[in-house]
Amino acid sequence: MLAGHPRRGDVRARLVELDGRNAEMAVRAAGAAGLSGVEVVVGDAASTDHHQDLAPADLVLLCGVLGNLTDERARIRRRGPPVRR
């Protein structure tokens, strides 16, 4: 969807993926689509170390992160500081 969008060049995105094989596939796919603003990091997406330099953000997508946290950790995270503009 992003690859065909007229404003794809305006997008700055970071994908944080724990599995290095998935990350490598994402790097290749982003490169093939000409998405120079897409960065792929191998790491634990639950760690704020991978995201704090991007705040504030217009849009944050957390995919598959909260499903890997205990209920208590997820509740604490939802109370964390906002990362939006």
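Couple of notes before you dig in:
- Exposure of Leu59 as accessible area (Å², to 10), given a probe of 1.4 Å and all protein chains: 130 Å²
- In this label model, Thr48 and Asn22 are separated by 2.3 nm, measuring between points 7 Å along each Cα→Cβ vector.
- Largest first, the residues Asp19, Asp58, Asp44, Asp10 sort by 1.4 Å accessible area into Asp58, Asp10, Asp44, Asp19.
- Trypsin sites (Lys or Arg not before Pro) within the range 11-51: DSSP coil, no more than 15 neighbouring Cβ in 10 Å: Arg12
The values are calculated or read from the model by the stated rules, or taken from the named source; none is laboratory data. Bear in mind that the values here come from a model prediction, so they are computed numbers and not experimental data. Reconstructed Cβ throughout: ideal geometry from the backbone, glycine too, with neighbour counts over all protein chains shown. For the accessible areas, the whole protein counts, side chains as well, though only heavy atoms, and no ligand, DNA or RNA atoms are used. Shrake-Rupley method; radii C 1.70, N 1.55, O 1.52, S 1.80 Å.
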